[in-house]
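Below is one structure, written out as structure tokens, with a few remarks after it.
The values are calculated or read from the model by the stated rules, or taken from the named source; none is laboratory data. Model, not experiment: these values are computed from the prediction. Note: ideal-geometry Cβ built from the backbone for every residue, glycine included; neighbour counts use all protein chains shown.
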Amino acid sequence: MRITPIEIQQHQFKSRLFGYDTAAVDHFLEMLADEIERLHKQNNELKESLARTRTSLEQMRDREKALQETLMTAQQVTEELKENARKEAEVMIAEAHLEGEHVVRDAAERRVQLLSEIQELKRQKISFETGLRSLVEGHLKLLDLDIMQLEEEEKQASLLDHDQPLLDRLNNDAIDLP
């Protein structure tokens, strides 16, 4: 049975000849002792529960702190990863730009080289055509000379044929001369 502080204050013992009823006082004191013992046990249990709760709370606070630190670390790592990825992307883009410029420069150099080779081939073609033309013209002149020489030889041969009787007469006359 629970006794409240108000019940203790308002409790009245029956009076007897020489004071209060001892049995009633003893009974009341036993009730008080039981109640105080119960409250003392309850108080100890509550203290133990409070100590466990405080320990648990402290552990939870430590875990929360560790989780917050882990979260902060994860956020920092995430930020660092993002920053590293951004920097790596910038480096890759810069390298790609440099490679692109290199390819364009090489292509331009190759273009200039090909144009130079084309010019050289055109020059060689003109030189070859000129040399071939000179060779053909030289051969034509030789042919013309051969033709002219043949014509000249034919002319001389025909003259000789025409002049043969004259020569024969001259030769004969020369024999007849004194």
Cβ-Cβ below 8 Å, separation at least six or inter-chain, first residue in the range 42-55 and closer than 17 Å to R2 by Cβ, second charged (D, E, K, R): which pairs?
none
Checking H97 against (1) surrounded by fewer than 10 Cβ atoms within 10 Å (Cβ to Cβ); (2) part of a helix (DSSP H, G or I), the condition it does not meet:
(1)
Criterion: exposed (fewer than 10 other Cβ atoms within 10 Å of the Cβ), in a helix (DSSP H, G or I) and at pLDDT below 95 - qualifying residue of Q42, Q9
Q9
